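The values are calculated or read from the model by the stated rules, or taken from the named source; none is laboratory data. The structure displayed is predicted, hence computed values, not measured ones. Neighbour counts are summed over all protein chains in view; Cβ atoms, including those assigned to glycine, are modelled from backbone coordinates with ideal geometry. The protein model used for the area step is the full one, side chains on, heavy atoms only, and it has no ligands, DNA or RNA in it. Shrake-Rupley method; radii C 1.70, N 1.55, O 1.52, S 1.80 Å.
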Amino acid sequence: MLRRGPRSPLFSKALKSLVLNNEPVRMGQTLCTCSRGSITIDNKKYYFVQKLDEGGFSYVDLVEGAKDGHFYALKRILCHDREGRQEAQTEVEMHQIFNHPNVLSLVAHTFVDRGGKTEAWLLLPYIRKGSLWSVLEKLRDKGSSMPEKQVLQILRGICSGLKTIHEKGYAHRDLKPTNVLLDEDDRPLLMDLGSMNRARIESLGCVLYCMMMLEGPYDMVFQKGDSVALAVQNPVTIPQSCSYSEGLQMLLSSIMVSNPQERPNINWVLDQVQDLQSRSPNTQTNMV
Ligand SMILES: Nc1ncnc2c1ncn2[C@@H]1O[C@H](COP(=O)(O)OP(=O)(O)OP(=O)(O)O)[C@@H](O)[C@H]1O
């Protein structure tokens, strides 16, 4: 985990969003006393550093532990109704079920009552490199690509995370490059576990496609205004210009199957990835 750096100049501007009028908020068993620029979860104080990102119904801020000096990502989920509250609760529980190097852990959490609405606050380890999507975007902007060795290493970690999820009888169900974080060593961490349930449907093929082509398989179809629903019925076309090995291209075709029942199971995919890794030339992994 990252150590304390110089205090961010943004700190003084601090968190219009996080200030709760200095009023203590109590919900469940956690007392959350919020003062200017800081929050308290489970009796530990954290300083707001800067905004990191926004999701569909959430805000993610970088905060710093007052005592340990570590950085954390604070994800605040706005729960608009009972269903939203339940989804946030599922996200918390799923983080707690899994203890695996490829599934993001949860440091602490609390539910906060704000103006009659609930916010779920999830304190997560801060993963500095950000999402797989942001890494792919940078490569695309540079006109570069991800070396096969790196694709395989990341894919293997994603498969290991999915394997542990499946072994406990769950599916992630919202797998996409924005929901995979990459640490400094390119270890992928699956996150955004709120959609998980006991149905076994995944879209791993789209993530692999994105790592290889730096865009989603149906992005062009969508941009042209054509029907994505129709496009997903057809086998995926791999561009002629694709420079990845035939083995990796074949793996992509075999996991990009529209009928979920016909998709190979994660153990088979993991075996294929390991096999490709053992065959892959020992090329230098480009750092991105
Ligand atoms: N622990 C973290 N470390 C670093 N960045 C993070 C972390 N958690 C989230 N982020 C950033 O915040 C973004 C949004 O997070 P997340 O996907 O959890 O929110 P969300 O509201 O569930 O998103 P959506 O519903 O749109 O998928 C991520 O894509 C990532 O860029």
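What tally of residues in the range 27-41 results from selecting those that are in a loop (DSSP other than H, G, I, E, B), within 22 Å of GLY116 (Cα to Cα) and at pLDDT 50 or above?
Number of matching residues: 2.
Any idea which residue in the range 186-216 is farthest from the ligand (Cβ to nearest atom), counting only those that are open to solvent by 20 Å² or more (accessible area, probe 1.4 Å), out of contact with any Phe, Trp or Tyr (no Cβ under 9 Å at 6 or more places or on another chain) and over 15 Å from VAL103 (Cα atoms)?
Here the answer is MET213.
Just the residues that are at pLDDT 90 or above and surrounded by 14 or more Cβ atoms within 10 Å (Cβ to Cβ), please, taken from the range 269-288.
Listed by number, the residues that qualify are VAL269, LEU270, GLN272, VAL273, LEU276, GLN277.
Determine, yes or no, whether SER258 is open to solvent by 40 Å² or more (accessible area, probe 1.4 Å), in the same structural domain as SER145 (by the TED database) and touching a residue at least 60 places away in the same chain (Cβ under 8 Å).
No, not satisfied.
Do you know which of the residues in the range 65-80 that are open to solvent by less than 10 Å² (accessible area, probe 1.4 Å) and more than 10 Å from the ligand (Cβ to nearest atom) is nearest to THR110 (Cα to Cα)?
CYS79
Taking the range 51-64 only, how many residues are within 9 Å of the ligand (Cβ to nearest atom) and either under 15 Å from LEU193 (Cα atoms) or in contact with a Lys or Arg (Cβ under 8 Å, 6 or more places away or on another chain) (or both)?
Selection size over the range 51-64: 7.
Being more than 15 Å from the ligand (Cβ to nearest atom), open to solvent by 10 Å² or more (accessible area, probe 1.4 Å) and not acidic (Asp, Glu) is the filter here, so list the residues in the range 99-117 that pass it.
Scanning the range 99-117 gives ASN99, HIS100, PHE111, ARG114, GLY115, GLY116, LYS117.
Do we have any residue at all in the range 167-175 that's more than 12 Å from the ligand (Cβ to nearest atom) and in contact (Cβ under 8 Å) with a residue 60 or more places away in the chain?
Scanning the range 167-175 turns up at least one residue that is more than 12 Å from the ligand (Cβ to nearest atom) and in contact (Cβ under 8 Å) with a residue 60 or more places away in the chain.
Does GLN89 count as open to solvent by 70 Å² or more (accessible area, probe 1.4 Å), under 16 Å from SER195 (Cα atoms) and of a type in the set (S, T, N, Q)?
For GLN89, the condition - open to solvent by 70 Å² or more (accessible area, probe 1.4 Å), under 16 Å from SER195 (Cα atoms) and of a type in the set (S, T, N, Q) - is not met.
Quickly run through the range 141-182 and pick out the residues that are surrounded by fewer than 16 Cβ atoms within 10 Å (Cβ to Cβ) and acidic (Asp, Glu).
Listed by number, the residues that qualify are ASP141, GLU167.
If the requirement is being closer than 29 Å to GLU54 by Cβ and not small (Gly, Ala, Ser), which of these qualifies: VAL232, VAL269, VAL236, VAL257?
Exactly one residue qualifies, and that residue is VAL232.
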